[in-house]
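The values are calculated or read from the model by the stated rules, or taken from the named source; none is laboratory data. If you're wondering where the values come from, they're calculated on a predicted model, not measured in any experiment. Here the Cβ positions follow ideal geometry from the backbone for every residue, glycine too, while neighbour counts run over all protein chains shown.
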Amino acid sequence: MKKEDIDIIKTLAWMNDEQKAVWKGLTEAQIAELMKQDMEPRLAAVDALIKSQESKETPVEKGDDETMELNGQTIAKSEIGATAFMILKGQNSQMEKLEKKLQASEDFAKEERQKRINKELADEAQSRWPNLPGTAVEKAETLKMIKGLPEEAQEAQFRMLDAGNASASSMFKEFGGSGTPDGSSPTEKLDKLAKSYSAENKVSYAKAYDAVLQTPEGQKLYEKAL
């Protein structure tokens, strides 16, 4: 969110309902001029506008009435006067714009936070269980599910998966001599390919590992590692 929008929200927080009504009826140029002043003279200028508009108020002519919805209430121009109605209408429009900007900012922040969490989970899961089958994304989903369990259940799941990873590691070391032409096990070969891909393409290890598994060579190595 822009600093100008934040300053406007702070200004509205200091105003009473009547001041807000006048403020929302101003043009963008008028608001920009008022925002150049400090808070106290800014509010004083709004009060001056209120007095000026009250002196110019004229009754609504027959057949010229209209209504609007504001905070769940129906407001008629004939009930509050043309000037006040115009101001409230402008207020409603500007508040809707600000609310949309706030919602868009919140949605973006949530999306970025979720991306960061997913990456951290993938990196942690792949680092903890490199010898278990499955992609980094699949392991991240498993890790996420486990972390949502009660503490005792988490410990039991971690013990089981850690033991499986250790067992797979021992098996790969035992039979690794004939696993690939260079003498390394399939898992070790996948690890080297992923690290090389990560360095060349400047992506995380988790993304690199997934990319390698999509290649024919990676698929063959993965099948050998099972």
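Summary table below
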| quantity | calculated |
| --- | --- |
| Any hit, the range 136-158, residues being exposed (fewer than 12 other Cβ atoms within 10 Å of the Cβ), farther than 17 Å from residue 191 by Cβ and under 13 Å from the mean Cα position of the chain (by Cα) | no |
| Any chance residue 142 is β-branched (Val, Ile, Thr) and either out of contact with any helix residue (DSSP H, G or I) (no Cβ under 8 Å at 6 or more places or on another chain) or at pLDDT below 85 (or both) | no |
| Residues satisfying the stated conditions in the range 115-144, i.e. under 17 Å from residue 159 (Cβ atoms) and aliphatic (A, V, I, L, M) | 125, 132, 143 |
| Some residue of the range 195-202 being surrounded by 15 or more Cβ atoms within 10 Å (Cβ to Cβ) and either modelled with pLDDT of 80 or more or more than 22 Å from residue 215 (Cβ to Cβ) (or both) | yes |
| Test: residue 69 is at pLDDT 70 or above and within 25 Å of residue 4 (Cβ to Cβ) | no |
